[in-house]
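Please treat every number below as a calculation from the coordinates, not as lab data. Values in this document were obtained by computation on a predicted structure and should not be read as measured data. Here the Cβ positions follow ideal geometry from the backbone for every residue, glycine too, while neighbour counts run over all protein chains shown.
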Amino acid sequence: MTYCFGKKSDWIPLLDKSAGALHIDIFHSDNSTYGTEWNGVRLNDDYHRLYFIAEGEAEVTYNETTRKLVAGHTYLFPTTTLFRYACPSHLRLLNVCFKMTLDNGLDALDLHPFHVIMPAMDMTTTLNKMVEIDALVQKRSFAHQLSIRGQILTLLGPHFQASDTEKLRKRRKDMKRLAPALRYIEQNLETGITVADLPRLAAMSRSYFAKKFTMTFGMSPQDYIRKQRIELVKRELRLSSQPISNLAEDLGFSSASHMSREFKHHTGYTPKQFRAFDRFFD
């Protein structure tokens with residue numbers, strides 16, 4: 001379920017006025033005490049993690065960064081290609097896994113400065129908010145879902161009190177120029193995309209568009225489209241219990257085997273493995 005917090009939302013001074021709406025999708029939550037069994041690796045998670053360590057300590061490696069987790073702090077982790085975690089003895093962990101995006105599916109954490117670690121604003125207050133988030137995650141009413149997002153936004157506020165950088169300002173400017181092409185990609189992932197139309201939508205020449213797009217995203221437009229299609233498959237695997245063959249047809253793949261090959265190439269898992277692993281994690 002996705003809710004849209006529009007341009008005039010009071011809490012969004014961190015976003016440029018041109019950024020458009022903010023969307024928050026909730027995937028998982030946890031409120032558990034662990035020992036040394038809290039040990040494992042996850043690959044290619046396309047969501048953010050907000051952790052609160054109530055007791056004990058742990059260590060995580062996300063992408064290529066290793067960080068020790070200590071009690072009394074919240075941690076905001078971006079999307080990861082690798083997330084390794086371990087607990088040396090004892091840990092009480094409360095967390096919520098979510099995705100926060102702007103229009104066109106752009107990752108808010110990729111466009112705005114944030115602190116990964118922050119001291120809890122108040123141990124009791126933070127603990128109560130995280131407990132409430134975990135209790136509300138399985139409730140489906142609009143009021144409950146809205147309350148979850150309100151709690152998350154309150155906890156995220158201190159993490160976004162970070163200084164902006166020239167690099168991020170330039171990136172947001174480039175994103176704004178590319179926005180019409182990105183919107184076209186987002187709206188046509190299932191029905192087919194004419195790559196040759198993208199430069200025209202961004203009011204750029206073909207060569208300049210390809211150069212600007214690759215500099216901004218670190219990949220070609222074609223590779224970006226493939227990646228976004230795989231993210232769409234991930235979302236559908238989480239939300240739907242349809243057979244893989246039906247999903248492949250609905251999402252515009254030529255066959256289930258074609259979708260499976262593409263999916264495994266990008267994630268390291270087959271769609272069936274991803275669905276089973278993701279639900280086990282939940």
Table column - 3J(HN,Hα) (Hz), region 114-123, Karplus curve with 6.51, -1.76, 1.60, x for Gly and Pro
8, 8, 5, 10, 9, x, 4, 4, 6, 4
16 Å Cα-Cα reach of Lys211 towards aspartates and glutamates, excluding residues that sit fewer than 8 places from it in its own chain:
Asp174, Asp197, Asp223
Footprinting proxy, Val131, Val41: sorted fewest to most Cβ within 10 Å, the residues are Val41, Val131
I'd like the Karplus ³J(HN,Hα) series for region 63-75: coefficients 6.51, -1.76, 1.60, θ = phi - 60°, whole numbers in Hz, and an x wherever there's a Gly or Pro.
6, 10, 10, 10, 9, 7, 9, 10, 5, x, 10, 9, 10
Given pairs Lys68/Lys272; Lys129/Lys173; Lys99/Lys129; Lys68/Lys227; Lys170/Lys234 and cut-off 25 Å on Cα-Cα distance, the over-length ones are Lys68/Lys272; Lys129/Lys173; Lys68/Lys227; Lys170/Lys234
Counting only residues 5 or more apart in sequence or on a different chain, those whose built amide H sits under 5 Å from that of Tyr47 are Thr80
How would you order 238-244, 219-225 from highest to lowest mean count of nearby Cβ atoms within 10 Å?
219-225, 238-244
Using θ = phi - 60° and the Karplus form 6.51 cos²θ - 1.76 cosθ + 1.60, what ³J(HN,Hα) does each residue of region 166-179 get, whole Hz, x for Gly and Pro?
4, 4, 5, 4, 5, 4, 5, 5, 5, 4, 4, 5, 7, 3
Assuming 0.36 nm per residue, please report the length gained on full extension of the stretch Arg92 to Lys167 beyond their Cα-Cα distance.
23.3 nm
Pull out the extension gain between Gln138 and Glu249, defined as 0.36 nm times the separation in residues minus the alpha carbon to alpha carbon distance; nm, one decimal.
37.0 nm
Structure-derived Cα extents along the principal axes in Å - corresponding label in (1) 55, 42, 39; (2) 43, 40, 39; (3) 79, 39, 33:
(1)
Residues whose built amide H sits under 5 Å from the amide H of Tyr34, excluding neighbours closer than 5 in sequence, are Leu91, Arg92, Leu93
Would you grab the residues whose amide H sits under 5 Å from the one on Ala21? Only those 5+ places off in sequence or on another chain, please, with H modelled 1.01 Å from N.
Asp103
Summing -39500 (n - 2.57) over every DSSP H run of at least 4 residues in the chain and dividing by its residue count gives a helix-only mean residue ellipticity at 222 nm, to the nearest 500 deg cm²/dmol, of -13000 deg cm²/dmol
